[in-house]
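Report on the structure given below.
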Ligand SMILES: [Mg+2]
């Protein structure tokens, strides 16, 4: 990954549920480091998410290694790691490399076989690319209204536009936008997620 592409996610997906064993296989991935807030669950939420728990369990059952890498407080990360049945840490200091290295060491895999999955470009994706990992950006589950987050989202949108991705907030999306999910039936149903979002490596 050249320095100029450190802010370029390898793949953009609508939701973590698009990360399936087939997706892992197609990209030569054996493990995931997972952001928590707005990636797995809505920002700040403690509400149980059985769909996310089932998703994580299914991937683990299929032999993939998962690890929670969160910038949330240690206590919040600990509670969610326990609920989801994953190892992991809070206060990870993303995008800085130290906890990415520890996460890779915990899953026991080389960086190129592990994807960092997160909703933020300047923490999750930047740090993942910096660490030599595959990077998956997912759309944030919820909008949190903190002023610095709004600014960050605007900057993310500018960067992603440069790479040919339309990153409009969910509520502003229109029918003319690139569809994020294929129709339930029809030729697009088998489309590779990569090809739906502009340029990907
Ligand atoms: Mg996040």
* Structure fact -> Exposure proxy check on 45, 131: fewest-to-most Cβ neighbours within 10 Å is 45, 131
* Pop the C-beta distance of residue 50 and residue 75 into the FRET formula with R0 = 25 Å and round what comes out to the nearest 0.05. => 0.65
* Asked: Let a ≥ b ≥ c be the square roots of the eigenvalues of the Cα gyration tensor of region 1-103; is it rounded (a/c under 1.5), or, if not, prolate (a/b larger than b/c) or oblate?
  -> oblate
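Assuming R0 = 30 Å, what is the FRET efficiency of residue 62 and residue 105, from their Cβ-Cβ distance, to the nearest 0.05? Don't skip to the end; give the middle numbers.
Working: r = 22 Å, r/R0 = 0.73.
Taking R0 as 30 Å, the efficiency between residue 62 and residue 105 is 0.85.
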* To do: Can you bin region 28-161 into rounded, prolate or oblate? Criterion: square roots of the alpha carbon gyration tensor eigenvalues sorted a ≥ b ≥ c, rounded for a/c under 1.5, prolate for a/b above b/c, oblate for the rest.
  => oblate
* Which of 19, 41 comes first, and how do the rest follow, when ranked by fewest Cβ neighbours within 10 Å? -> 41, 19
* Asked: For the residues 122, 134, what sequence is obtained by ranking on other C-beta atoms within 10 Å, fewest first?
  -> 122, 134
* Whether region 10-53 is rounded, prolate or oblate, judged on the alpha carbon gyration tensor where a/c under 1.5 counts as rounded -> prolate
* Which order do peptides 99-107, 159-167 fall in by mean Cβ count within 10 Å, highest first? -> 99-107, 159-167
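Rule-based calculations on the coordinates, nothing more; no lab input. Just so it is clear, the structure is predicted and the values come from calculations on it, not from any experiment. Heads up, the Cβs are rebuilt from the backbone with ideal geometry, glycines too, and the neighbour counts pull from every protein chain shown.
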